[in-house]
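I am attaching a structure below and will ask some questions about it afterwards.
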Amino acid sequence: MEEVEITGRIATLLIANGATVAVAETSAGGMISGALLGVPGASAWFGGGVIPYTAKVREAWLGLGADAFGTDGAVSAHAAIRLAEAVRAVSGTTWGLAETGIAGPQSGRRSSKPAGLAFVAVAGPTSTPIVIEVRTGLDGRRENQEAFTSASLRAFLNVLESEPGQ
């Protein structure tokens, strides 16, 4: 399924259920929000997006202090869930979609986690947040950002399709 088809399906499901979404994305750098906003009429269901790239911004914008992610760090399943829950709460939307990862390249970085690693979480009104791990095996920043965006949109669509009426 193509990105345009995925975002169109997301929009249709959100509209049908009177639902909204907000996005917190780090390494995708706004590409997830951009893909969703590419759908005409997005103002009916898109609550907003943030790129909380630094600890200072995560605290200021989402209320997630330095200890919010524990020992797992900012690139972890736990962090993705916390980001999804926080963006949902701050925005007052039905759904929170979050991505946190390492776009790359591998060289010159402080983290021992590999480029191409991301975690995506979806928090909503009825279920425990879901989280998926993405490992692209790629070193290229742009290619990883595109892969993280695609994985995030697919994860969100899967949740929407599995929770009818939400």
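Any residue at all in the stretch 94-108 that is open to solvent by less than 10 Å² (accessible area, probe 1.4 Å), hydroxyl-bearing (Ser, Thr, Tyr) and more than 20 Å from Leu14 (Cα to Cα)?
Scanning the stretch 94-108 turns up at least one residue that is open to solvent by less than 10 Å² (accessible area, probe 1.4 Å), hydroxyl-bearing (Ser, Thr, Tyr) and more than 20 Å from Leu14 (Cα to Cα).
In the stretch 13-25, what count of residues is obtained for those that are open to solvent by 10 Å² or more (accessible area, probe 1.4 Å) and over 13 Å from Phe156 (Cα atoms)?
Of the residues in that region, 4 qualify.
I would also like to ask the following. Which residue is nearest to Ala55 (Cα to Cα), if the candidates are limited to the stretch 88-136 and must be modelled with pLDDT under 95 and among the hydroxyl-bearing types (Ser, Thr, Tyr)?
Ser111
Collect the residues in the stretch 122-166 that are among the hydroxyl-bearing types (Ser, Thr, Tyr) and over 19 Å from Ile81 (Cα atoms), keeping them in residue-number order.
Scanning the stretch 122-166 gives a single hit, Thr136.
Still on this structure: Answer yes if at least one residue in the stretch 78-86 is of a type outside the set (A, V, I, L, M) and touching a strand residue (DSSP E or B) at 6+ places or on another chain (Cβ under 6 Å), and no otherwise.
yes
Output the residue which, of all residues in the stretch 130-156 that are in a helix (DSSP H, G or I), open to solvent by 60 Å² or more (accessible area, probe 1.4 Å) and in contact (Cβ under 8 Å) with a residue 40 or more places away in the chain, is nearest to Ser107 (Cα to Cα).
Glu146
Considering (1) within 14 Å of the chain's Cα centre (by Cα); (2) among the β-branched types (Val, Ile, Thr); (3) under 27 Å from Asn17 (Cα atoms), say which one Thr126 fails and leave the rest.
Condition (1) is where Thr126 drops out.
Which ones in the stretch 50-74 are surrounded by 20 or more Cβ atoms within 10 Å (Cβ to Cβ) and either touching an Asp or Glu at 6+ places or on another chain (Cβ under 8 Å) or of a type outside the set (Lys, Arg) (or both)?
If the condition is that a residue be surrounded by 20 or more Cβ atoms within 10 Å (Cβ to Cβ) and either touching an Asp or Glu at 6+ places or on another chain (Cβ under 8 Å) or of a type outside the set (Lys, Arg) (or both), then Val50, Pro52, Leu62, Leu64, Phe69, Ala74 are the ones that fit.
Would it be correct to say that Gly48 is touching a helix residue (DSSP H, G or I) at 6+ places or on another chain (Cβ under 9 Å) and among the small types (Gly, Ala, Ser)?
Yes.
Going through the stretch 112-127 one residue at a time, which ones are of a type in the set (Ser, Thr, Tyr) and either closer than 21 Å to Gly47 by Cβ or buried (at least 18 other Cβ atoms within 10 Å of the Cβ) (or both)?
The answer is Thr126, Ser127.
The values are calculated or read from the model by the stated rules, or taken from the named source; none is laboratory data. Everything numeric here is computed off the predicted structure, so don't read it as measured data. All Cβ positions, even for glycine, are placed from backbone atoms using ideal geometry, and neighbour counts span all protein chains on display. Note: areas computed on protein heavy atoms with side chains; ligands, DNA, RNA excluded. Shrake-Rupley method; radii C 1.70, N 1.55, O 1.52, S 1.80 Å.
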